[in-house]
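Below is one structure, written out as C-alpha cells; comments come after it.
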Amino acid sequence: MGILKEKVKGNLIVVSGPSGSGKNSIVNNLYKYNNNFWESISMTTRQKRTGEVDKKDYYFISEEEFLDNIKNNNLLEYTNYNGFYYGTPKSHIMEKLNAGIDVILVIEIEGALKVKELIPDTICIFILPPSMQELKRRLISRNTENKDKIIKRFTTAYKEINEITKYNYVIVNDNLDEATITLNSILISERSRVDRIEDIHLGNMEEELHELLIDKDLNNTERNIA
Ligand code: 5GP
C-alpha cells in the first residue's frame, strides 16, 4: 500500500487573459505535456470566425437558445462580453472532476470571479502578453476582426489586466512552449498540495521498528562502521 491516499477529485482551473494574450494557444498546446485534463467548450452567440469549428471551439447558438439555457439553469456562469453572450455549460464538469480529471475553463474575468464564488477552491490563472505593444501587434496580425473591434479588444485589455490581483497565478506568454510548461507545472504543483491528502499510511511503528532492527542490511552497516 502506498504511503498516501489522496483525494480523487480533479482541480477546477480557470484561465483568463486579454484577447491576444495567447490563452487558447497555451491550453491547446497543453495536450503535448498533459493528458489528465479536459477543456470545457463554451456556448456563445457571437459569429463563428474563419477557421473555427462548431462544437469544438464553441457551441455557436442563437440568442434565443442561449436564453433558454439560462432559464433551464444549464450554465455554471455566463456573461455578456462585447455585445455577445458566452457561458459555461454545467454538464460534464462535476463528472470529470469526480473522475479525478482537471477541468479547464478559458473564460473572461467576470465569469472567472463567478466560478470562484461558487467553487472557492478554483485555481485562477491569468495570462499576460509580454508587452502592450506586442498585444497590439498580435491583435492586428490575427486578421480576424475589423478596426473598431480591434480597438475595443485593446481597450478592454487594460481593464482586464487591472483585475489581475484577484487571480492566484500569472503567466507571461513570451514563448508558447515555456508558457505551456509553466501552466503544466502549476497543475502538477496543485496536485501535490497537502490539503489533497485524505489519509497517510505509516503502518504500525512497533512492527516497522522491529523489522528495521532485525534488518540484515542495517546490521551490516553497523558492522562496517565499527
Ligand atoms: P472570443 O470572442 O475572443 O472567443 O472570446 C471573448 C472572451 O470571452 C474571451 O476572454 C474568452 O475567454 C471569453 N469566454 C469564452 N467562453 C466563455 C464562457 O463560457 N464564459 C465567460 N464568462 N467567458 C467566456
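A few remarks follow.
- Scanning segment 65-83 for residues that are within 10 Å of the ligand (Cβ to nearest atom) and in contact (Cβ under 8 Å) with a residue 24 or more places away in the chain turns up L75, L76, E77, Y78, T79, Y81, N82.
- Applying the condition of being of a type in the set (G, A, S) and more than 17 Å from V14 (Cβ to Cβ) to segment 28-64 and asking which residue is nearest to the ligand (Cβ to nearest atom) yields G51.
- S25 satisfies every condition listed in (1) under 28 Å from Q133 (Cβ atoms); (2) within 13 Å of the ligand (Cβ to nearest atom); (3) modelled with pLDDT of 95 or more; (4) buried (at least 18 other Cβ atoms within 10 Å of the Cβ) except (4).
- One residue from Y31, Y58 being surrounded by 16 or more Cβ atoms within 10 Å (Cβ to Cβ), within 20 Å of the chain's Cα centre (by Cα) and within 29 Å of T182 (Cα to Cα): Y58
- Screening segment 1-20 for residues that are under 15 Å from the mean Cα position of the chain (by Cα) and within 16 Å of the ligand (Cβ to nearest atom) and picking the one that is nearest to E110 (Cα to Cα) gives S16.
- Residue in segment 128-171 that is farthest from S185 (Cα to Cα), counting only those that are among the polar types (S, T, N, Q) and outside any helix (DSSP H, G or I): N146
- The single condition from (1) in a helix (DSSP H, G or I); (2) under 25 Å from S192 (Cβ atoms); (3) of a type in the set (A, V, I, L, M); (4) more than 12 Å from the ligand (Cβ to nearest atom) that A112 fails is (4).
The values are calculated or read from the model by the stated rules, or taken from the named source; none is laboratory data. Source: prediction; values computed, not measured. Every residue, glycine among them, receives a Cβ derived from its backbone with ideal geometry; neighbour counts consider all protein chains shown.
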